[in-house]
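Structure, as structure tokens:
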Amino acid sequence: MLIKVINPNTTLSMTKMIGESARAVVGPGVTVEAVSPSMGPASIESHYDDALSVPGVLQEVLLGEEGGADGYVIACFGDPGLLAAREVAAGPVVGIAEAGMKSATYLGRTFSVVTTLGRTVGHTWELAHRYGVGAACAGVYACEIPVLDLETDPAARSRILAACRDALVRDGSDVVVLGCAGMADFCVDLSASLGVPVIDGVAAATATVQALVTLGLRTSKRLEFASPAAKTYDGMLQGFAPPR
């Protein structure tokens with residue numbers, strides 16, 4: 001089984017860490033290929049970043065289809081390009097926000113999300129409701145650490161830990177979901193410190209894809225996620241035109 005884990009930003013050091021998180025949860029005979037697109041933002045912290053990351057994500061999915069990938073993980077908590085990727089991929093495509101929040105509902109009555117910047121809080125709430133877990137999401141909190149600083153700020157772990165503790169107290173929740181792929185390597189340590197399940201969406205999404213592929217399940221092509229209709233794409237997007 002080949003699972004392609006796509007970090008939608010172009011920061012390769014983060015992609016390496018994401019790949020390590022994904023490989024830690026797969027079974028024998030499963031290969032994880034962690035990649036960054038050749039184009040896009042260095043980090044995704046706004047709707048603008050999110051939108052401009054999608055062509056690179058889709059390019060990697062299309063390359064994965066050519067290379068025999070069995071399923072895909074979109075490793076950014078905004079799940080950029082998730083629905084479009086399902087239209088062009090044969091196998092399952094899972095976003096880390098979707099997997100992280102849905103997994104949390106198996107482990108407790110409510111969960112809290114701890115993310116990076118305050119400007120992403122509203123979008124996280126939107127995703128929680130879109131995925132049908134809005135009632136279980138007790139709160140979304142930002143630690144105000146830019147995504148790329150997660151790798152370099154020596155105080156990042158302690159600030160995230162403090163935000164998680166505050167969330168648990170305020171919400172009375174049972175589970176914490178980390179709201180950024182760049183937090184993946186803090187997950188085990190945070191869970192031990194807090195005494196509650198802490199979910200890294202990268203690991204949750206990878207395990208979900210592995211399970212779906214093992215079950216022999218693929219993305220339905222009956223209606224919404226059917227392949228895009230053939231048409232002309234112009235300018236820089238000519239290479240993305242669906243085949244006629």
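Computed from the coordinates by the stated procedures, all read-outs in this text should not be read as laboratory data. None of these values were measured; they are calculated from a predicted model. Because the Cβ atoms are built from the backbone with ideal geometry, glycine has one as well, and the counts that use them run over all protein chains shown.
Values computed for the structure shown
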item	result
Candidate aspartates and glutamates - alpha carbon under 12 Å from Lys231, same-chain residues fewer than 8 apart omitted	none
Exposure proxy order (Cβ contacts within 10 Å, fewest to most) of Lys16, Lys231, Lys102	Lys231, Lys16, Lys102
Helix 47-67 axis, angle to the chain major axis (alpha carbon atoms, nearest 10°)	60
The chain - charge dipole about Cα centre, Lys and Arg +1 at Cβ, Asp and Glu -1, debye rounded to 20	580
Residues Glu45, Glu126, Glu60 arranged by fewest to most Cβ contacts within 10 Å	Glu126, Glu45, Glu60
Over the chain: Kirkwood hydrodynamic radius from C-alpha pairwise inverse distances, Å	18.0
Bins of 5 Å from zero: percent of alpha-carbon pairs in the range 98-201	2, 15, 27, 28, 19, 8, 1, 0
Helical contribution to [θ] at 222 nm, DSSP H n ≥ 4, -39,500 (n - 2.57), averaged over the chain, rounded to 500	-12500 deg cm²/dmol
Whole-angstrom gap from the range 193-244 to the range 90-125, using each part's C-alpha centre	16
Extent along principal axes [Cα atoms of the range 25-97; Å; largest to smallest]	38, 25, 21
Straight-distance crosslink candidates among aspartates and glutamates, where the alpha carbon sits under 15 Å from Lys102 and sequence neighbours closer than 8 are dropped	Asp79, Glu126, Asp174, Asp200
Rel. contact order, % - alpha carbon contacts under 8 angstrom, at least six apart, the chain	22
C-alpha long axis of helix 156-171 to longest principal axis of the chain, angle in °	80
Neighbour-count ranking [beta-carbon atoms within 10 angstrom, fewest first] of Leu62, Leu215	Leu215, Leu62
On Cα atoms only, tilt of 201-214 relative to the major axis of the chain in degrees	50
